[in-house]
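Student: The structure follows.
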Amino acid sequence: MPTMKTKAAFSYWDQRIAPVFDTAQQLYVVETDRGGIVDQTQVLLTEELPVQKALRLVEWNISTLVCGAISRPMYELVAAYGIRIIPFVAGELDEVVQAWQQNRLLQEAFAMPGCCGRRRGPRGSQHHTKEVNAMNGRGQGMGGGRGAGKGAGGGRGGRQGGRMGGPLAAGPGGTCICPACGFSVPHQVGTPCMQQKCPQCGAAMTRE
């Protein structure tokens, strides 16, 4: 009898889908055969380079990746290896796994705030930003207040121009945000926000 085995990897943190795949380090791998789950494994994805992450997925024979936000370069790299990607998913890990089995992941209940054409405005992604900071080991006390403080998120008051012409471009923390759709991701050191394109709508991102 022909086999119909498939492996899906769910990027997660704290029993929820990780808000950003590029920096996630935990995967929940589910193997199914003819629709039923035959094996479930938790693995670590500690590689830092995008190509290393992609090759690890190939090594584990992953056919589908379910994740939160994912940068366009990472998306294109993983997809180039023939792996199907279901991005911008949010929710409790067990509920997402069940929804994937039942082909319900495209429902509104599992969409990240402000993503997938279901825009809820920049404020709708505040919970997502807090998850990113916590996943990266940052406390709420380092968040982006509106004053001129020295928080890692960078306050809105007293902005100054930095390298590459972007606001606070030289700092290590902060958030890159899309002015068109409000989607945001943590700023990565060495990569100015203005040089990144929004993985949702393709617009140039700015520093929050």
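Student: Counting only other residues whose beta carbon sits under 14 Å from that of Val97, what net charge do I get with K and R as +1, D and E as -1?
Tutor: On the way: positive: Lys7, Arg16, Arg104; negative: Glu31, Asp39, Glu92, Asp94, Glu95.
Local charge sum for Val97: -2.
Student: Summing Lys, Arg as +1 and Asp, Glu as -1, what charge do residues with Cβ under 15 Å from the Cβ of Tyr75 carry, Tyr75 excluded? Walk me through the numbers on the way to the answer.
Tutor: On the way: positive: Lys53, Arg72, Arg84, Lys197; negative: Asp22, Glu76.
Around Tyr75, the charge tally is +2.
Student: Now for a separate question. Hey, got a sec? Which GluC sites (Glu not before Pro) in segment 5-64 land in a DSSP loop and have at most 15 other Cβ atoms within 10 Å?
Tutor: Details: sites: Glu31, Glu47, Glu48, Glu59; in loops: Glu47, Glu48.
Filter output for segment 5-64: Glu47, Glu48.
Student: Determine the principal axes of the Cα atoms in segment 5-110, then give the extent along each, sorted from largest to smallest and rounded to whole angstroms.
Tutor: Here the spans come out as 32, 28, 23 Å, largest first.
Student: In the neighborhood of Leu44, defined by Cβ-to-Cβ distances under 14 Å, what is the net charge if each Lys or Arg adds +1 and each Asp or Glu adds -1? Before the final figure, lay out the partial values.
Tutor: Details: positive: Lys53, Arg56; negative: Glu47, Glu48, Glu59.
Result for the neighbourhood of Leu44: -1.
Student: Would you mind ranking Ile83, Ile37, Ile70, Ile17 by Cβ crowding within 10 Å, fewest neighbours first? Walk me through the numbers before you get to the answer.
Tutor: Working: Ile83 19, Ile37 13, Ile70 22, Ile17 26.
Exposure proxy ranking, most exposed first: Ile37, Ile83, Ile70, Ile17.
Student: Shifting gears a bit: Report, ordered by chain and residue number, the aspartates and glutamates lying within cross-link reach of Lys5, taken as a straight Cα distance under 14 Å and ignoring same-chain residues fewer than 8 apart.
Tutor: Glu31, Asp33, Asp39
Coordinate-derived values only; no laboratory data. In this text the structure is predicted, and so the values were computed from the model without any measurement. Virtual Cβ from ideal backbone geometry, glycine too; neighbours counted across all protein chains shown.
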